[in-house]
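Contents: one structure, followed by commentary.
The values are calculated or read from the model by the stated rules, or taken from the named source; none is laboratory data. No experiment lies behind these values; they were computed from the predicted model shown. Positions of Cβ are backbone-derived with ideal geometry, glycine not excepted, and every protein chain shown enters the neighbour counts.
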Amino acid sequence: MTTGAEQLLAHLSTAATTVCRAWAVTRRDGQVLGFTDHDGDLSFDGVTFRANTGLTARALQQATGLSVDNTEAMGALTTAAITEADLMSGRYDGAQVKAWLVNWASVDERMLQFSGSFGEIVRAGGAFRAELRGISEGLNVPLGRSFQKTCSAVLGDRFCRFDVQRPGFSAELSVEEVGEGRVFRFAGLAGFPDRWFERGRATLMSGSGNGSVGLVKNDRMGPGGREIELWQPLDLRVASGDAIRLEPGCDRREETCRNKFGNFLNFRGFPHIPGEDWLISYPVSAGMNDGGSRAR
């Protein structure tokens, strides 16, 4: 137990206490935001915890053993703190969170109560509600390989090993026309077949939404150029002239890995695995029953 925590416990044993809660949120882009339910700002560990931000938290549920600590954070969407555009662009997805119980009269007297990350985030009526998950949540991640026909790797990860930045596969250019932050139209994006970027990623490289990432839903060539549609808005503040990088998409099929990427040696699927019909098959007099390979 640290000295600050011991001092806080001693303070809590007195008749009158001056305690509040403080949260530090580290976004995916590295920006750190501080919040407190006190009526004045606090500062420690190089972070300023702002008051009157509209952020509150429910009671923290903690347990011994390997159970996951969890709670919820609720607040209003404001331009000064957490904005709807930042939430929609994914900057708070998986953000790291730390929460302290602090003596606001002497901030050196504090105790770390929670350390974890943002889980599911729900937006409604100008407000948001974020699930906070403890560090034990990582123990719930499935491990091992899945035996399936399609590839289990993600394009470009350590299992796939394909370099998506290889010349001729990705494109970096400026936004020409954008609609609702998710439909991009380009007149000069040539050299890539139709639907090349479908299932791929789009990343903003400059502008107010720098670092925002979206997944490509549709990639179509038309008479007026190329139209790329994302599943969700990349950033509501995307403007013409912002730099964007488009990465190819992969449907995880054997044919795509071999013909599009030439990366079949790293294919992580099992294309010849028998289907469910094989489990209920039985020998018939008119068929071949030699027990040979089914991959013909």
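I'd like the residue in segment 209-231 that is assigned to a loop (DSSP other than H, G, I, E, B) and surrounded by 15 or more Cβ atoms within 10 Å (Cβ to Cβ) and, out of all such residues, is modelled with the lowest pLDDT. Out of the qualifying residues, it is 209. The set of residues in segment 106-149 that are assigned to a loop (DSSP other than H, G, I, E, B), within 18 Å of residue 5 (Cβ to Cβ) and under 22 Å from the mean Cα position of the chain (by Cα) is empty.
Does at least one position in segment 54-76 carry a residue that is assigned to a loop (DSSP other than H, G, I, E, B) and modelled with pLDDT of 80 or more? No, because not a single residue in segment 54-76 is assigned to a loop (DSSP other than H, G, I, E, B) and modelled with pLDDT of 80 or more. Contact map, segment 82-109: residues that are on the phi > 0 side of the Ramachandran plot paired with residues that are modelled with pLDDT of 75 or more and hydrophobic (A, V, I, L, M, F, W, C), Cβ distance under 7 Å, separation 6+ or inter-chain. Pairs shown: 90/213; 94/118.
For segment 1-29, the set of residues classified as at pLDDT 85 or above and under 30 Å from residue 213 (Cβ atoms) consists of 22, 23, 24, 25, 26, 27, listed by residue number. Among residues belonging to segment 166-188 that are part of a loop (DSSP other than H, G, I, E, B) and in contact (Cβ under 8 Å) with a residue 40 or more places away in the chain, point out the one that is nearest to residue 258 (Cα to Cα). Among those that are part of a loop (DSSP other than H, G, I, E, B) and in contact (Cβ under 8 Å) with a residue 40 or more places away in the chain, it is 169.
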